[in-house]
Amino acid sequence: MNDNSIYQFNVQTLDGEEVSLAEYKDKVLLIVNTASECGFTPQLKDLTILKDEFNGTDFEILAFPSNDFGAQEPLEGAQIENFCKAIGTNYPVFDKIRVRGPYAHPLYKFFADRKRNGKLNSVPKWNFHKFLVDKAGQVTDFFYPFTKPTSSKVRKKIARLLSPKRP
């Protein structure tokens, strides 16, 4: 397994089950740190629209609630699950994690360190920071919170990663 891939990490579901990110091998991923009480929270619905748009392809969105910014994610476990169900999310939402600082989840420490991921140094500055990961599990790009998931910039980069490589 490639050391520069996200497949080396495990994450927890909202009900406490440990999942290897290797389960998402061969998929293009948009990984987002979310919060239920943020000005960007409407992007949860935008993420649902984006997921629907790429339905039937090898694309997935992975959401990681975080309380790192302005204490905007007060919910826990089942409360997060109920909130997400109420707004109709159609993508996996994992257990709440830290995304910056010394207690950041190893996945987010990986995103923050070009030496480890081979591509970029990017620490989320706020909720709804988005990382784009290719089918090999390598981080290829990121988008700041003010970039809507449904923007043409995000859509085009996802479509490019989904399209077969030309010889």
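The values are calculated or read from the model by the stated rules, or taken from the named source; none is laboratory data. Since this is a predicted model, take the numbers as computed values, not measurements. Note that each Cβ is placed from the backbone with ideal geometry, even for glycine, and that neighbours are counted across all protein chains shown.
Side notes on the structure shown:
- Looking across the stretch 154-167, just one residue is farther than 29 Å from Gly39 by Cβ and either among the aliphatic types (A, V, I, L, M) or part of a strand (DSSP E or B) (or both), and that is Leu162.
- Qualifying residue in the stretch 14-34 (condition: touching a Ser or Thr at 6+ places or on another chain (Cβ under 6 Å) and polar (S, T, N, Q)): yes
- Across the stretch 9-22, the number of residues qualifying as closer than 16 Å to Ile97 by Cβ and either assigned to a helix (DSSP H, G or I) or basic (Lys, Arg) (or both) comes to 1.
- Hey, Leu107 touching a Ser or Thr at 6+ places or on another chain (Cβ under 9 Å) and outside any loop (DSSP other than H, G, I, E, B) or not: no
- Exclusive hit being closer than 20 Å to Pro65 by Cβ and in contact with a Leu (Cβ under 9 Å, 6 or more places away or on another chain), set Leu161, Leu132: Leu132
- The listed residue being modelled with pLDDT under 95, surrounded by fewer than 16 Cβ atoms within 10 Å (Cβ to Cβ) and over 25 Å from Asp58 (Cβ atoms), out of Gly88, Gly77: Gly77
- Positions within the stretch 23-69 being without any contact (Cβ under 8 Å) to a residue 40 or more places away in the chain and part of a helix (DSSP H, G or I), in sequence order: Glu23, Asp52
- Selection from the stretch 111-126 of residues that are outside any loop (DSSP other than H, G, I, E, B) and free of Cβ contacts under 8 Å to residues at least 12 places away in the same chain: Arg114, Lys115
- Flag for Ile49 being surrounded by fewer than 18 Cβ atoms within 10 Å (Cβ to Cβ) and either in contact with a strand residue (DSSP E or B) (Cβ under 7 Å, 6 or more places away or on another chain) or farther than 20 Å from Tyr108 by Cα (or both): yes
Condition check ((1) among the β-branched types (Val, Ile, Thr); (2) in contact with a helix residue (DSSP H, G or I) (Cβ under 6 Å, 6 or more places away or on another chain); (3) surrounded by fewer than 19 Cβ atoms within 10 Å (Cβ to Cβ); (4) at pLDDT below 95) across all residues:
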{"residue": "Lys96", "(1), (2), (3), (4)": "no, no, no, no"}
{"residue": "Pro106", "(1), (2), (3), (4)": "no, no, yes, no"}
{"residue": "Lys119", "(1), (2), (3), (4)": "no, no, yes, yes"}
{"residue": "His129", "(1), (2), (3), (4)": "no, no, no, no"}
{"residue": "Pro149", "(1), (2), (3), (4)": "no, yes, no, no"}
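- Flag for Phe69 being crowded, with 20+ Cβ neighbours inside 10 Å and within 16 Å of Leu30 (Cβ to Cβ): no
- Taking the stretch 127-153 as the range and being part of a loop (DSSP other than H, G, I, E, B), under 18 Å from Leu107 (Cα atoms) and either of a type outside the set (Asp, Glu) or without any contact (Cβ under 8 Å) to a residue 12 or more places away in the chain (or both) as the test, the residues that pass are Asn127, Phe128, His129, Lys135, Ala136, Gly137, Gln138, Tyr144.
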